[in-house]
Amino acid sequence: MKVTQSLILASLALAGGVCGEQVPVVPTGFLDASALMVRAETNVDLNWKVNIPATKVEELIEIPDDEPTIIAKEDVAFEVRMLGAEYAWSGNYVLAYGQYTYGDSPWYTFFWGYGDDANALTKKTCDILRKGEELQFGFRGSKNGFRNMPWQHRKWHNYRWTGTGPSWYQNDNPAIILKDGDKLPKRATPDSQVDISTFLAPYLDESGKKVDIGPKDLIILAELNRDYGDKEADYQDFVILVTFTEAENSTCTRRWNGPPPPSPPSTPSTPSEPAPIPPKPTVPGIPE
């Protein structure tokens, strides 16, 4: 009984971690006995399970050196939070959206709006990634999608997405994936946007040069309208925080459990868009 109680308390302590806080690794689990009271020299059956939590994100997922993508090493839950969308033109926010997909799932939209709509406390979603599945993120920004621009006049930049696959519809480096302790890349800040170190200040160390987030967190920086080699590519047009944890320790549910989509997959249409963009083979499109 004492062992069971201590494991429960340890589990509660572990669940109380805050982003950026280094929570001590405490095993969790249970110990059951076939009888509550055991007489001397009497045998009792014991059943137990001990879970040792991962200490860092690399124990849960793999990030290949040559591809900005994420592959699950085991069944994991992931939570996506918007940190910001500094996608602007002439000082005004422009419409942008973000999606994710895994395995054979469709593209799910987790954000659709403008920079001042982004909020790390409210704009979040969670899902389950199975062992061996690749998690991809897609991003797109409008060329002229100001709040007062009619739908029929809005134009879009090419879709950008992370992961493996064809690259003819995206630039070579659509996103930068950062984990705790990584050095912040030096990028330009065009069009009166705030400096990237100021934008990410709550998620940097005291020097302002390295990422300071939870041990199982990632920050993903996306560029929506310029290539990596462009001197004005700032990679703060779309910024998200992704938190991973063991699936068995999460309350998230998996959104996709259906059969694989037809081949070739259809391209989703833009939310509230009267005329969807024609589908492109093997290329994710605008969300529904």
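The values are calculated or read from the model by the stated rules, or taken from the named source; none is laboratory data. Keep in mind it's a predicted model, so treat the numbers as computed, not measured. Ideal geometry is used to build each Cβ from the backbone, glycine not excepted, and the neighbour counts take in all protein chains shown.
Checked against (1) at pLDDT 90 or above; (2) surrounded by fewer than 19 Cβ atoms within 10 Å (Cβ to Cβ); (3) among the acidic types (Asp, Glu), residue 117 passes all but a single condition, namely (1). Looking at 145, 132, which is the one that is on the phi > 0 side of the Ramachandran plot, not charged (D, E, K, R) and not in a strand (DSSP E or B)? 132 is the lone residue from the list that is on the phi > 0 side of the Ramachandran plot, not charged (D, E, K, R) and not in a strand (DSSP E or B). Residues of region 113-143 that are under 16 Å from the mean Cα position of the chain (by Cα), polar (S, T, N, Q) and under 23 Å from residue 89 (Cα atoms): 119 alone. For first residues located in region 144-158 and more than 18 Å from residue 224 (Cα to Cα), partners that are charged (D, E, K, R) and lie 6+ apart or on another chain with Cβ distances below 7 Å form the pairs 151/273. Counting just the residues of region 83-107 that are modelled with pLDDT of 90 or more and within 12 Å of the chain's Cα centre (by Cα), which one comes out surrounded by the most Cβ atoms within 10 Å (Cβ to Cβ)? Restricting to residues being modelled with pLDDT of 90 or more and within 12 Å of the chain's Cα centre (by Cα), the top hit is 98.
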